[in-house]
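What follows draws every value from the coordinates through simple rules; no lab data is involved. Just so it is clear, the model here is predicted, and its values are computed rather than measured. Note: ideal-geometry Cβ built from the backbone for every residue, glycine included; neighbour counts use all protein chains shown.
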Amino acid sequence: MAGTRDLGEAGRVAEARLAEAVGLAASIGLVIVHQAILPLRMRRPATLMGEGQVAAQGAAMAEHEVAVAVVDAALSPVQQRNLERAWGCKVIDRTGLILDIFGERARTAEGTLQVELAHLEYQRSRLVRSWTHLERQRGGFGFLGGPGETQIEADRRLIGERIVKLRRELEQVRRTRGLHRAARRRVPFPVVALVGYTNAGKSTLFNALTGAEVTARDQLFATLDPTMRGLRLPSGRRTILSDTVGFISDLPTELVAAFRATLEEVAEADVILHVRDAAHPDSTAQRNDVIAVLEGMAAEGTLDRDWPERTIEVLNKADLLGGVSSVPVRSGQVVVSAITGEGLKALQAAIDARISTGMELACYDLAPTDGARIAWLHEHGEVIERQDEAEAVHVKVRLLPADRARFERLE
């Protein structure tokens, strides 16, 4: 395998971006035998990079007997075909690589559908570079003869029909997920969603907070399907914690559309935990990538514009920087190490405080025999004051607006 990186993106450390590309390739089992950073003065329509660079990389690939070359940039079908001819091996671009990773990792029905849809949309745009069998023509009907339908037209038609079917199935999955969210609203607990750049440690943090056993590896895109678990905060409040797919720079447009449903939990969240790898050299640029996606969701109306007010930045992997006390912190940030557990109590307290800011103060006089509703207030709210008298129990409690409305409907 060989990797190249287009250095046209500002604000990125070239070596870190190459390491990310190598990590992506290694995550699907490719053995890295050659890697290179190639500065691009201009993008060549035929091969992306210059002739000298193409020749030099071709020589290196021949020497190392490379079978698959990964170009960490978006290649047009023509560029991909020309590089394969020049290098004598299979060439895939960043989009193809990420699609392969997603195809290998997706487990749920929704994730599998989304991956297949993204693959087909990617392949449909590349039928023009397929093998020679696509140039054959199917025969006409009976005595009419004629050229009939070319194989490439038939393949494009079949792909189009499958895409339409997949989109219908995905809409059904989204409606089902919507029903699940509606059910959670009827027995409402605040939702806390984890977001962040891929490999920032979201799943490790998820496991550390909930005691779950979600797949957590030092690997890019280890999590592709939304996962939820219950979490009880120090105040006693119960919440739902949701782990989501990792963000990445230059996410292929096919995946931005196909994986929209995996971010719906973020749109529903009462608190968003933006998990960052504080030890990564590109941590700031990765933060900007995540924020850009969230801002895009807000612009298209799938995420409320007040999302920054609901967000806590979690600076993870403090153990790689000497511990929590060694990491500079600003307002709205919490430093943790999901591996060692340092800082997790402070994070839980911050989640508690952020949820409380959206709560309303209410006072109720309940019958002493109404144990079920008194218990409900303790379960779903933050009881500030309680006075038990012979004829009534006076309760002062902080509740989320949805919880308050539900409780008052029960009266």
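Please give the contour-minus-distance gain from Arg124 to Glu342: 0.36 nm per residue of separation, less the Cα-Cα distance, rounded to one decimal in nm.
73.6 nm
Quick one, can you get me the convex hull of the C-alpha atoms of the stretch 259-349 expressed as volume per residue in Å³?
Per residue, the Cα convex hull of the stretch 259-349 comes to 108 Å³.
Ratio of the stretch 2-101's C-alpha Rg to 2.2 N^0.38 Å, to two decimals?
0.98
Between Arg162 and Ala36, what FRET efficiency comes out of the Förster formula 1/(1 + (r/R0)^6) with R0 = 51 Å and r the beta carbon distance, rounded to 0.05?
Computed FRET efficiency for Ala36 and Arg162 comes out at 0.85.
Pull up the cross-link candidates among the lysines for Lys345, meaning alpha carbon to alpha carbon under 29 Å and not fewer than 8 places away within one chain.
Lys202, Lys317, Lys396
What does the charge count around Glu313 come to, taking other residues whose C-beta lies under 11 Å from its C-beta (Lys +1, Arg +1, Asp -1, Glu -1)? List each step's numbers first, then the result.
Details: positive: Arg276, Arg287, Arg330; negative: none.
Local net charge: +3.
Nearest 20 debye, what's the magnitude of the dipole of the stretch 2-101 about its Cα centre given +1 on Lys and Arg Cβ and -1 on Asp and Glu Cβ?
In total the dipole reaches around 280 debye.
Take every Cα-Cα distance within the stretch 360-410, group them into 10 Å bins from 0 onward, and report for each bin the whole-number percent of pairs it holds.
P(r) over the stretch 360-410, rounded to whole percents: 27, 61, 12, 0.
Karplus couplings for the stretch 310-325 from phi (6.51 cos²θ - 1.76 cosθ + 1.60, θ = phi - 60°), rounded to Hz, Gly and Pro as x?
So the J values, rounded to whole Hz, are 9, 9, 10, 7, 10, 8, 8, 6, 4, 5, 7, 10, x, x, 4, 5.
Cα centroids of the stretch 225-251 and the stretch 43-85: how far apart, whole angstrom?
Centre-to-centre (Cα) distance: 40 Å.
Filter the GluC sites (Glu not before Pro) in the stretch 33-90 to those in DSSP coil with at most 11 other Cβ atoms within 10 Å of their Cβ, and list the result.
Glu65
So between Lys90 and His394, what do we pick up on full extension, going 0.36 nm a residue minus the alpha carbon distance? Walk me through the numbers on the way to the answer.
Numbers: separation 304, 0.36 × 304 = 109.44 nm, distance 7.33 nm.
Gain on extension, Lys90 to His394, equals 102.1 nm.
Points 7 angstrom from Cα along the Cβ direction at Thr176 and Arg373: gap in nanometres?
3.8 nm
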